[in-house]
Amino acid sequence: MRNFRSVLRFELGGYFKSKIYLAMTLLFVVVLMVVLSFPNIKAMLSKQDSGMQQAAIEQSDTRNALAVLNQSGLLSDNALDRFMSAMGGRSLFIVSDDEQELRKQVQSGQYDGAVILQDAQTATYIARNLALGDNTASNIYQAMVAAARYDALSALEVSEAEADNILNPAVNVNVDNLGVSQNETFFYTYILLLALYMAIMLYGQIVATSIATEKGSRTMELLITSTRPNSLLFGKIIAAAVSGLVQMGVIFGSAVLFYHLNANVWAGNAIVASIFNMPLPIVGYVLLFFLLGFSLYAFMFGAIGSLVSRVEDVSTSIMPILLIFIVGFVIVVTAMSSGNADSTLLKVCSFIPFTAPMAMFARIAMSTPAWYEIVISVLLLVATTIATGVLSATIYRMGVLMYGKPPKPAELIKVLRRARTHGAVVKQNR
């Protein structure tokens, strides 16, 4: 036990003193501070020079706006008013220039765009640059449809109030949600899954690389003479898990701090509010599945790291494990994005230990799995993690003294059988 504590303290000290570890943590904290404080920073900068601000306002009176040309007055005044009110989300300017002049004004940037109304059913949208996701043409269509409907009802001598009742009836739709709202849970579920994915990928490979480095430099031969191999393996894995949790705690804790310091500017943002108002049980499940998932993969990474003799061989040797993990992550994210967090494939993955840390967590956050499904998934994950830990410890004890090319799976199984038989004989003789 003393050896284990010594290894754990040494490995933790290596992480916490690492310049890369500290720099990455500080970088994430600074980025979160800037992003979450940006609206307030922008507001402060905009108030420094009121003269420049007023000039900018006067200059932007027609920029970032939409010019509307009622060509030859073919659209009635009533229809034009209806069109303008239906396009209320944009700054609109009625102009009387000809079409060619209007195109030049849009091209020069005086207007962000223009609408030429040929008649009640025909319009042309002139865009300076058609941006990605530009829905102005769709808004123009809806505005013209609304104006045409009001004109048609007016021709039938229907009053404006009656037309409003016909076209905009007071319809109430009540939502009684018996489970979770995926609109509120999707973003923080995705962020937490991404953090889990990055932590396992990063720290798992660090464990494998660290073991391979010590073995390649022959340092391992000196370590195992004074420390039990199991203490070395478990010390490295637990140290990596603790350092990962500390780093994630600092990053997410700083995000929560900066969010509350700037809560006034994010009050109306439903997406940001949903991220920072996640239920406390979700945090508990994150910690549970992080510890179990990380331990499972770290044991495998550690075992493989002990079998290679050169650091250059680590990435190739761990590739099958990485592919399993990446495929599981893609399956979970795809199911989440489709809105079906209870798909058959995701249910199956939530009971496979290698994908359960992500799949079951996604189901818990975005749907309502039965309590016994959660218990079965966690128990299978715990059992698999323990079995993998025992097997990895056996491989580690043998692998640290094996040099040359990594053994093939068939050769490794034979070695494990001989080691098991030898261990049984030793116990029997004792």
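The values are calculated or read from the model by the stated rules, or taken from the named source; none is laboratory data. Everything numeric in this text was worked out from a predicted model, so none of it was measured. No Cβ is skipped: glycine too gets one built from the backbone with ideal geometry, and neighbour counts run over all protein chains shown. SASA here: full protein model, heavy atoms, side chains in, ligands and nucleic acids out. Shrake-Rupley method; radii C 1.70, N 1.55, O 1.52, S 1.80 Å.
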Next item on the list: Of the numbered conditions (1) modelled with pLDDT under 80; (2) in a helix (DSSP H, G or I); (3) within 30 Å of TYR259 (Cα to Cα), GLN48 fails exactly one; give the number of that condition.
Entry: (2)
Checklist line | Scan of the stretch 358-401 for residues that are open to solvent by less than 10 Å² (accessible area, probe 1.4 Å), more than 26 Å from the chain's Cα centre (by Cα) and not β-branched (Val, Ile, Thr), ordered by number | finding: GLY389, SER392, ALA393, TYR396, GLY399
Notebook entry, point to check: Residue check: is VAL250 over 17 Å from ALA365 (Cβ atoms), surrounded by fewer than 18 Cβ atoms within 10 Å (Cβ to Cβ) and touching a residue at least 40 places away in the same chain (Cβ under 8 Å)?
Noted result: yes
Next item on the list: Answer yes if at least one residue in the stretch 128-147 is exposed (fewer than 11 other Cβ atoms within 10 Å of the Cβ) and of a type in the set (Asp, Glu), and no otherwise.
Entry: no
Next item on the list: Could you list all residues from the stretch 248-295 that are within 30 Å of ILE324 (Cα to Cα) and of a type in the set (Phe, Trp, Tyr)?
Entry: PHE252, TYR285, PHE289, PHE290, PHE294
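Take THR344 and decide whether it is open to solvent by 20 Å² or more (accessible area, probe 1.4 Å), at pLDDT below 90 and either under 22 Å from ASN183 (Cβ atoms) or among the β-branched types (Val, Ile, Thr) (or both). Show your work before the answer.
On the way: open to solvent by 20 Å² or more (accessible area, probe 1.4 Å): yes; at pLDDT below 90: yes; either under 22 Å from ASN183 (Cβ atoms) or among the β-branched types (Val, Ile, Thr) (or both): yes.
Yes.
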Check: Out of ASP112, ASP97, which single residue is surrounded by fewer than 18 Cβ atoms within 10 Å (Cβ to Cβ) and on the phi < 0 side of the Ramachandran plot?
Finding: ASP97
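With hydroxyl-bearing (Ser, Thr, Tyr) and in contact with a Lys or Arg (Cβ under 8 Å, 6 or more places away or on another chain) as the only criterion, which of SER315, SER306 stands out?
Matching residue, one of SER315, SER306: SER306.
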Notebook entry, point to check: (1) more than 17 Å from the chain's Cα centre (by Cα); (2) at pLDDT 85 or above; (3) open to solvent by less than 40 Å² (accessible area, probe 1.4 Å): which one isn't true of LEU307, the others all being true?
Noted result: (2)
Notebook entry, point to check: Quick one: is GLU101 acidic (Asp, Glu) and either modelled with pLDDT of 85 or more or touching a Pro at 6+ places or on another chain (Cβ under 8 Å) (or both)?
Noted result: yes
Next item on the list: Could you check how many residues of the stretch 152-163 are part of a helix (DSSP H, G or I) and either open to solvent by 50 Å² or more (accessible area, probe 1.4 Å) or among the basic types (Lys, Arg) (or both)?
Entry: 6
